[in-house]
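Working notes, structure below.
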Amino acid sequence: MYRIVLLPGDGIGPEIMAVAAKVLTAVADKFELAFDCQTALVGGAAIDAVGHPLPPETLELCQNSHAVLLAAVGGEKWDNLPSHLRPEQALLGLRSGLKLFANIRPAKILPQLIDASTLKREVVEGVDLVVVRELTGGIYFGQPKGIFTDSNGVRRGVNTMAYLETEIDRIAHVAFQTARLRRKQVCSVDKSNVLEVSQLWRERVTAIGQQYPDVTLTHMYVDNCAMQLVRNPRQFDVILTANLFGDILSDEAAMLTGSIGMLPSASLGEAGKPGLFEPVHGSAPDIAGKDIANPIAQVLSIAMMLRYGLQQPQAADAIELAVSLVLDQGKRTGDIMAPGCERVGCQAMGEAIVAQIHSL
Ligand code: IPM
Ligand code: MG
């Protein structure tokens, strides 16, 4: 029996989570798995209900689960709250509260969707990369941080990009191990021509790399990487990088695949502890409640949960295959619509995926 916490959150979150719940039921039937799913408050929904984006009961429930499935948080309604009460704080609180130091963000272009990319077919065809982003350190969490007023009354905004070598080492291991299951190439991305924190990063990644002689390690500056991702993205297998750089590069990598509405991600901590699985996209308040959101990233997040969190690779494969077959049938939500395809809504897309899982 797997205890799963569902965190629907805000915007399109509840709609895509409704699809996810049906997919979980279908997978449970098909593979004789048992999921005990509990839904909890997070983000703006939690602010409205109890005044805090990450209520302690939610964090506790997650800490005692086998895996957490999150949809999305945030929206204009909560944008003017003080920063410690904004929905985004729920994400940061979950990451630190569950010690989720490794964020795995695959960007793989599906052949059915090549023409949905804003880039030329010959550039994006065959793209299959993973961004391994450090998630609980760096400038997101470094001290000191804040807005301080000096003796002249002038304010100074401060964040600190800092890494312990132990933090670098453990995320480097994740990248090398991820590469071993793929094309065995790690490109570590930093800004070591300017930043000392990156110089330590490069030194430690190089040292850890010696333990993985079968994996090829290269280094790249982050500005060059941003360029290479749109110039020749096929050169990348695993991109290993720090928290802020990974935030930016993973959005860029996502766009290569056509729609950010397709991409799942996994945030992992220590072995045996619950991971968090969520779409890369946000809460899309502009399309919430209209049944037009693309639920595929959420559904593929379940596949990542089964693969990386619950060690059920067959069930994960089945979900990915079902999604691919539904795309083969020509079913598309608006964000990935193409000539000759059939436009479907969020729930109908979910039903088509569920039907495919049953018929596998
Ligand atoms: C992401 C998001 C978050 C981040 C925000 C919403 C806190 O952009 O998961 O990439 O910056 O990490
Ligand atoms: Mg981001």
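One line per residue, one yes/no per condition, for (1) in the same structural domain as I16 (by TED's automatic domain parsing); (2) within 16 Å of ligand 2 (Cβ to nearest atom); (3) of a type in the set (A, V, I, L, M):
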position	(1), (2), (3)
T218	no, no, no
F245	no, yes, no
I296	yes, no, yes
Y308	yes, no, no
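Within segment 95-109, is even one residue more than 16 Å from ligand 1 (Cβ to nearest atom) and open to solvent by 10 Å² or more (accessible area, probe 1.4 Å)? Within segment 95-109, one or more residues are more than 16 Å from ligand 1 (Cβ to nearest atom) and open to solvent by 10 Å² or more (accessible area, probe 1.4 Å).
Tell me the strands (runs of 3 or more DSSP E) entirely within segment 1-79 that contain at least 3 residues that are touching a residue at least 40 places away in the same chain (Cβ under 8 Å).
Values: elements: 2-9, 35-39, 67-72.
Of the strands (runs of 3 or more DSSP E) lying wholly inside segment 1-79, those with at least 3 residues that are touching a residue at least 40 places away in the same chain (Cβ under 8 Å) span 2-9, 67-72.
Looking at this structure, is M255 under 30 Å from K77 (Cα atoms), of a type in the set (A, V, I, L, M, F, W, C), at pLDDT below 95 and open to solvent by 70 Å² or more (accessible area, probe 1.4 Å)? Taking the combined requirement at face value, the residue satisfies it. Count, please, the residues in segment 138-158 that happen to be within 16 Å of ligand 2 (Cβ to nearest atom) and in a loop (DSSP other than H, G, I, E, B). Summing the residues that are within 16 Å of ligand 2 (Cβ to nearest atom) and in a loop (DSSP other than H, G, I, E, B) in segment 138-158 gives 1. Going through (1) among the charged types (D, E, K, R); (2) in contact with a helix residue (DSSP H, G or I) (Cβ under 9 Å, 6 or more places away or on another chain); (3) surrounded by 14 or more Cβ atoms within 10 Å (Cβ to Cβ) one by one, R182 falls short only on (2).
Filtered by the rule that a residue be within 11 Å of V215 (Cβ to Cβ) and open to solvent by less than 30 Å² (accessible area, probe 1.4 Å), segment 159-179 gives A172, A175, F176, T178, A179. Between D335, D328, D286, the distinction of being in contact with a helix residue (DSSP H, G or I) (Cβ under 6 Å, 6 or more places away or on another chain), acidic (D, E) and more than 16 Å from ligand 2 (Cβ to nearest atom) belongs to D335 only. List pairs: first residue in segment 149-162 and without any contact (Cβ under 8 Å) to a residue 60 or more places away in the chain, second residue open to solvent by less than 50 Å² (accessible area, probe 1.4 Å) anywhere in the structure, Cβ distance under 7 angstrom, at least six positions apart or on different chains. Within 7 Å, the pairs are V158/G146; N159/I139; N159/G142; T160/I139; T160/G142; A162/G142; A162/V197. Given the criteria assigned by TED's automatic domain parsing to the domain that holds Q185, in contact with a Ser or Thr (Cβ under 6 Å, 6 or more places away or on another chain) and either at pLDDT below 95 or under 30 Å from L41 (Cβ atoms) (or both), does G74 qualify? Criteria not met by G74. One residue stands out among those in segment 242-252 that are open to solvent by less than 10 Å² (accessible area, probe 1.4 Å) and within 9 Å of ligand 1 (Cβ to nearest atom): the one that is modelled with the lowest pLDDT, which is S250.
The values are calculated or read from the model by the stated rules, or taken from the named source; none is laboratory data. Predicted model, so just to flag it, every value in this text is computed and none were measured. Note: ideal-geometry Cβ built from the backbone for every residue, glycine included; neighbour counts use all protein chains shown. With ligands, DNA and RNA removed, areas are computed over all heavy atoms of the protein, side chains included. Shrake-Rupley method; radii C 1.70, N 1.55, O 1.52, S 1.80 Å.
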